[in-house]
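Read through the structure below, which is laid out as structure tokens, and then see the notes.
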Amino acid sequence: MGNAVLEKLHLALGTLRLCEADALLESHLQRAAQADRPYAEFLLEVLEAEVRARQDSRYHNAVKRARFPFTKSLDQFDFAFQPSIDPVQIRELQTLRFAHEASNVLFLGPPGVGKTHLAVALAVEAVKAGFSAQFITAHDLVSDLGKAAREGRLDRRLRAYVNPKVLVIDEVGYLPLDDVGATLFFQLVSTRYERGSILLTSNKSYGDWGSVFGDAVMATAVLDRLLHHSTTLNIRGDSYRLKERKKAGLLAPLDRKEEQANNGR
Ligand code: ADP
Ligand code: MG
């Protein structure tokens, strides 16, 4: 093939922004010539490489934008260690029906049982399937919305948390919310209602949400919307963090107290 044709090919691929095909053109051409392959096969190979590269880069960008604290998968979760989790429920969640239906998933349980791990892993699955996702702790969410409200730009900021199809709100209940925080949280939940999924983790059972939201009426209003279309996973088990430290022989006296408290539950 003449250099002029090759140059024009590169130009055309560049104009169409088929970057992967552009970068690998020579090697594809060489392989096709050597193997004497049908034209259609060559074209398919080039286009499939382009599609794969685009999907990869979309996935990596979406993961970066989601701001996960880590990217762990369901495969990395030891379900044998946490028998209170129903594998049937996990398989159902893996179908991502929750994301298609904009329903919520709530992970409840004591510290270290894998609530954040599971919420992130499901959100990562959703991103793989093409959904947009965002991770934020309840504390950061409320302080970000509070700041926006004070600066008169709450609507715009709320939109940023309504747009992602999957929103992970981590650690609801670790810190109690004041009146303004509770109202902002309620506003977010009701704006997302039936529009996008919330994956929420909390160390507090629903009965204790009154103390998190400062009053029972507000907690009921939030729960009413969150739970209407939802799945709850109540994880009752030992802390995985504690197990790992125990294995490493690093159990400090403080941890032993935590362990006794857990055993006494
Ligand atoms: P939680 O949010 O419930 O406090 P995390 O999800 O942050 O707990 O889990 C604490 C750490 O232990 C994380 O590094 C997580 O990946 C790991 N972990 C927790 N449970 C499991 C498990 N069953 N299998 C594998 N890793 C786990
Ligand atoms: Mg957590």
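The values are calculated or read from the model by the stated rules, or taken from the named source; none is laboratory data. Computed from a predicted model, the values in this text were never measured in an experiment. Don't worry about glycine lacking a Cβ; one is built from the backbone with ideal geometry, like all the others, and counts go over all protein chains shown.
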Count of the range 223-236 residues which are in contact (Cβ under 8 Å) with a residue 40 or more places away in the chain, surrounded by 16 or more Cβ atoms within 10 Å (Cβ to Cβ) and of a type in the set (A, V, I, L, M): 3
Residues of the range 137-154 classified as within 16 Å of ligand 2 (Cβ to nearest atom) and surrounded by 18 or more Cβ atoms within 10 Å (Cβ to Cβ), total: 3
Residue match in the range 53-68 (condition: on the phi > 0 side of the Ramachandran plot and touching a residue at least 12 places away in the same chain (Cβ under 8 Å)): yes
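A quick yes/no check of all residues on (1) more than 20 Å from the chain's Cα centre (by Cα); (2) in the same structural domain as SER202 (by TED's automatic domain parsing):
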| position | (1), (2) |
| --- | --- |
| GLY14 | yes, no |
| GLN30 | yes, no |
| SER57 | no, no |
| VAL105 | no, yes |
Per-region count, the range 230-246, residues at pLDDT below 95 and either of a type outside the set (S, T, N, Q) or not assigned by TED's automatic domain parsing to the domain that holds VAL166 (or both): 10
Residue that is nearest to VAL168 (Cα to Cα), among those in the range 50-107 that are surrounded by 12 or more Cβ atoms within 10 Å (Cβ to Cβ) and among the aromatic types (Phe, Trp, Tyr): PHE68
Per-region count, the range 155-192, residues surrounded by 15 or more Cβ atoms within 10 Å (Cβ to Cβ), in contact (Cβ under 8 Å) with a residue 24 or more places away in the chain and either under 15 Å from ALA216 (Cα atoms) or charged (D, E, K, R) (or both): 11
Yes/no for LEU118 being away from ligand 1 (no atom under 16 Å from the Cβ), under 16 Å from the mean Cα position of the chain (by Cα), in contact (Cβ under 8 Å) with a residue 24 or more places away in the chain and crowded, with 16+ Cβ neighbours inside 10 Å: no
